[in-house]
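Undergrad: Let me give you the structure first, and then I'll get to my questions.
Please treat every number below as a calculation from the coordinates, not as lab data. These numbers were taken from a predicted model, which means no experiment stands behind them. Methodologically, a virtual Cβ is constructed for each residue, glycine included, from the backbone with ideal geometry; neighbour enumeration extends over all protein chains shown.
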Amino acid sequence: MRVLVKGAGVAGLAVAHELAERGAEVTVVERHSAVGGGASWLAGGMLAPYCERESTEEDVIRLGLRAAGWWEAALPGLVRVNGTLVVAPPRDTAELRRFAARTRGYRQLSTDAIGALEPDLGGRFQTGLFFEQEAHLDPHCALSRLYEKLAETGVRFLFGRTGALPGERFDRVVDCTGFAAAPALPGLRGVRGEMLRLETRDVRLSRPVRLVHPRFPVYVVPRGEGCFMVGATMIESADDGPVTARSMMELLNAAYALHPAFGEARVIEMVAGVRPAFADNLPKVVEQDDIIFVNGFYRHGFLMAPALARQAAELVLDNQAVKGESDEGHRQRATA
């Protein structure tokens, strides 16, 4: 079967991988000049189903728990399974309790235990939550390596295009173009996210750390060699313009609250992007007008892409029945 995949972000590459593994002949088209031109390149890369459960439904755990294993099987040595630490300033301990009540899979830490886990945070927080089963990866490395693997195994990539070459025909088309597919997907909205990349040798962290705050919770992800990603805002907007002064100040203030040494860090990158999301903030596989859409990943791209890619591949190759909203003019395969 010949399949055209539109989009070379995390969803498109994961779908291409699943299809190629099942023997399909896959062509991927991408409007940018290389992989990672969209929201996937700006992701935190946290494979954190328990932490994400705090802000969405149970499906994020059920479908996200296998993500680390999928990525490690696809790209050995990529995933770091050393947990997620969640902390809050003393004045926001009520927010930490609320966070804990919304999820599971953690153990509570005292201030001494936090210091034993992350020495540079010793004495700074009274209590924390440690989700030791969670993992993370570097999105840039993941996208680049997955592209190289697919290209080596025969998947064809056409960059700078939104469609196939003239005269080419395909048995199925899978659209993984994110917010660009909004005109064809009723209910898909844009959620703006902004992030900073900081550089400092005065802070050492071994794992992603989430700072709970009632207004702008953030995460800090170590990238190695003194680099840290600080993200990310969640603004109900499809504006993909530059990072705003307000967001930059909030992200920097949050990093400073985690550790004062971030106040002297070098800001080496400020980037904004638009995440695609449905009303429940969970991704879906949708079949409409002979096109299969894999979309709505919100902030769960690397976490949820493996599960949704499997569903899409099964739908393409096995012609499984699709449930959904026929009165809306399309059928929707449940994320379950």
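Undergrad: Among T27, L198, P306, which residue has its Cα furthest toward the positive end of the charge dipole of the chain, with +1 on Lys/Arg Cβ and -1 on Asp/Glu Cβ?
TA: Final value for the positive-end residue is L198.
Undergrad: Within the chain, what percent of beta bridges assigned by DSSP are antiparallel, to the nearest 5? Intermediate values should be presented prior to the final figure.
TA: Numbers: 44 of 63 bridges.
Counting DSSP beta bridges with both partners in the chain, the antiparallel share is about 70 percent.
Undergrad: What is the fewest-to-most order of W41, W71 by other Cβ atoms lying within 10 Å of their Cβ? All intermediate terms of the calculation are to be shown ahead of the outcome.
TA: Details: W41 17, W71 24.
Fewest to most other Cβ atoms nearby, the residues stand as W41, W71.
Undergrad: Can you report the principal axis dimensions of region 39-170 using only the alpha carbons, biggest first, rounded to whole angstrom?
TA: 64, 29, 24
Undergrad: Continuing with the same structure: Over the alpha-carbon set of region 196-324, work out the extent along each principal axis and list the three values in angstrom, largest first.
TA: Cα spread of region 196-324 along its principal axes, largest to smallest: 56, 29, 25 Å.
Undergrad: Choose one answer from L85, L143, L121: the residue with the largest mean-square fluctuation in a GNM of the chain with alpha-carbon springs under 10 Å.
TA: Residue with maximal mean-square fluctuation among L85, L143, L121: L121.
Undergrad: Could you tell me the calculated FRET efficiency between A73 and L165, based on Cβ-Cβ distance and R0 = 41 angstrom, to the nearest 0.05? Intermediate results must be reported in sequence, preceding the final value.
TA: Working: r = 32 Å, r/R0 = 0.79.
Here the calculated transfer efficiency is 0.80.
Undergrad: Now a separate question. Give me the compactness ratio for the chain, meaning the Cα radius of gyration over 2.2 N^0.38 Å.
TA: Numbers: Rg = 20.1 Å, N = 336, 2.2 N^0.38 = 20.1 Å.
So the chain has a normalised radius of gyration of 1.00.
Undergrad: Among rounded, prolate and oblate, which fits region 48-113 when a ≥ b ≥ c are the square roots of the eigenvalues of its C-alpha gyration tensor, a/c under 1.5 means rounded, and a/b larger than b/c means prolate?
TA: Values: a/c = 3.31, a/b = 1.65, b/c = 2.01.
Since a/c reaches 1.5 but b/c is at least a/b, the shape of region 48-113 is classed as oblate.
Undergrad: Can you tell me how much longer the chain between H140 and Q126 gets when fully stretched, taken as 0.36 nm per residue apart minus their C-alpha distance, in nm with one decimal?
TA: Numbers: separation 14, 0.36 × 14 = 5.04 nm, distance 3.43 nm.
Here the answer is 1.6 nm.
Undergrad: Please give the net charge around A261, taking every other residue with its beta carbon less than 14 angstrom from that of A261, where Lys and Arg add +1 and Asp and Glu add -1. Walk me through the numbers on the way to the answer.
TA: Working: positive: R124, R201, R204, R266; negative: E118, D120, E199, D202, E264.
So the surrounding residues net to -1.
Undergrad: Taking the number of other C-beta atoms within 10 Å as the exposure measure, put K6, K284, K149 in order starting with the fewest.
TA: Ordered by Cβ neighbours within 10 Å, fewest first: K149, K284, K6.
Undergrad: What is the spin-label model distance, in nm, from E25 to E236 if the labels are put 7 Å beyond Cα along the C-beta direction?
TA: A separation of 4.7 nm, rounded to one decimal place.
Undergrad: Full-extension gain between D202 and A113, please, as 0.36 nm times their residue separation minus the C-alpha to C-alpha distance. It would help to have the intermediate numbers written out before the result.
TA: Details: separation 89, 0.36 × 89 = 32.04 nm, distance 2.11 nm.
29.9 nm is the gain from fully extending D202 to A113.
Undergrad: Let me ask something else. Which three extents, in angstrom, do the Cα atoms of region 117-230 have along their principal axes, listed largest first?
TA: Here the Cα extents, ordered largest to smallest, are 65, 37, 27 Å.
Undergrad: Name the most mobile residue of R97, R31, R246, meaning the one with the largest mean-square fluctuation, in a Gaussian network model of the chain with Cα contacts below 10 Å.
TA: Most flexible of the set in this elastic network: R246.
Undergrad: Order by neighbour count: H140, H17, fewest other Cβ atoms within 10 Å first, most last.
TA: Details: H140 16, H17 24.
Ordered by Cβ neighbours within 10 Å, fewest first: H140, H17.
Undergrad: As a check on your grasp of the helix formula, calculate [θ] at 222 nm for the chain: sum -39500 (n - 2.57) over DSSP H runs of n ≥ 4, divide by the residue count, round to the nearest 500. Please list the in-between numbers first.
TA: Values: 9 runs with 92 residues, N = 336.
Roughly -8000 deg cm²/dmol at 222 nm, from the helical runs in the chain.
Undergrad: While we're here: Please give the length that would be gained between R102 and N82 if that part of the chain were fully extended, namely 0.36 nm times their separation in residues minus their C-alpha to C-alpha distance (nm, one decimal).
TA: Working: separation 20, 0.36 × 20 = 7.20 nm, distance 2.17 nm.
Contour length minus the Cα-Cα distance gives 5.0 nm.
Undergrad: Given an 8 Å cut-off on Cα distances and at least 6 residues of separation, report the relative contact order of region 1-57 as a percent.
TA: On the way: 51 pairs, mean separation 21.0, N = 57.
Result for region 1-57 is 37 percent.
Undergrad: Using the alpha-carbon atoms, what tilt in degrees (0 to 90, nearest 10) does helix 139-152 show relative to the longest principal axis of the chain?
TA: Here the helix axis deviates by roughly 30 degrees.
Undergrad: Here is a follow-up. What whole-number volume per residue, in cubic angstrom, does the convex hull of the C-alpha atoms of region 1-93 give?
TA: Numbers: hull volume 13.3 nm³, N = 93.
Measuring per residue, one finds 143 Å³ for the Cα hull of region 1-93.
Undergrad: Moving to a separate point now. With 10 Å bins from zero, work out the P(r) of region 176-239 over every alpha carbon pair and list the percent per bin.
TA: The distribution over region 176-239 is 19, 36, 26, 16, 3, given as percents.
Undergrad: Can I ask one more? Output the antiparallel fraction of DSSP beta bridges having both residues in region 157-295, as a percent to the nearest 5. Before the final figure, lay out each step's value.
TA: Values: 30 of 33 bridges.
Restricted to region 157-295, the bridges split so that about 90 percent are antiparallel.
Undergrad: Something else: Just how large is the dipole of the chain about the Cα centre, in debye to the nearest 20, putting +1 at every Lys and Arg Cβ and -1 at every Asp and Glu Cβ?
TA: Values: 39 positive and 42 negative charges, 83 e Å.
Around 400 debye, computed over the chain.
Undergrad: Decide, for region 150-202, between rounded, prolate and oblate: order the square roots of the alpha carbon gyration tensor eigenvalues as a ≥ b ≥ c, take rounded if a/c falls under 1.5, and otherwise choose prolate if a/b is larger than b/c, else oblate.
TA: Details: a/c = 3.35, a/b = 1.46, b/c = 2.29.
Because a/c hits 1.5 or more and a/b fails to exceed b/c, region 150-202 counts as oblate.
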